[in-house]
Structures are given as structure tokens and as C-alpha cells.
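Below is one structure, written out as C-alpha cells; the observations come after it.
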Amino acid sequence: MARLRLAVRHVFNPLHVFCRLRDAGVRGPTAMRVCRLYERWFYNLILTRAL
């Protein structure tokens, strides 16, 4: 179970999301804005409630 929790944290980590957006061809500033919103609205909810 601990390995699953670590894997989920890694995949949903805002830095990981940023890197995947950049790999997909999204420009840096745009990817940064998306990740800031993602972290504020979704990532904190995922960590505080699900894990």
C-alpha cells in the first residue's frame, strides 16, 4: 500500500505534471500557469483527502 501511495504522489506531483506538459509541447509559461492552478485546486485536495 505504501508503494501505491508513493506512486500516486509522484504521478500527481505538480512538477511531474509540468514536465509531462513540456514533453507534450506546451510552452513553459503556459505549463507553469496550468500547474499553479492544478496545485491550488486539485493537488492539495488529492493529498489532504485521498492520501
Specify which labelled value, from [x] 4.7; [y] 3.5; [z] 2.8, agrees with mean projected area of the Cα convex hull in nm² derived from the coordinates of the model shown. [y]
Of the trypsin sites (Lys or Arg not before Pro) in segment 7-50, which ones lie in a loop per DSSP and count no more than 15 other C-beta atoms within 10 Å? ARG27
For segment 13-20, in residue order, the Karplus 3J(HN,Hα) values (coefficients 6.51, -1.76, 1.60; θ = phi - 60°; whole Hz; Gly and Pro = x) are 4, x, 5, 5, 4, 4, 4, 5
Gain upon complete extension [LEU47, LEU6; 0.36 nm per residue less C-alpha separation]: 13.7 nm
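Values in this text are rule-based calculations from the coordinates and carry no lab data. None of the values given here were measured: they were computed from a predicted structure. We place every Cβ from the backbone using ideal geometry, glycine too, and count neighbours over all the protein chains shown.
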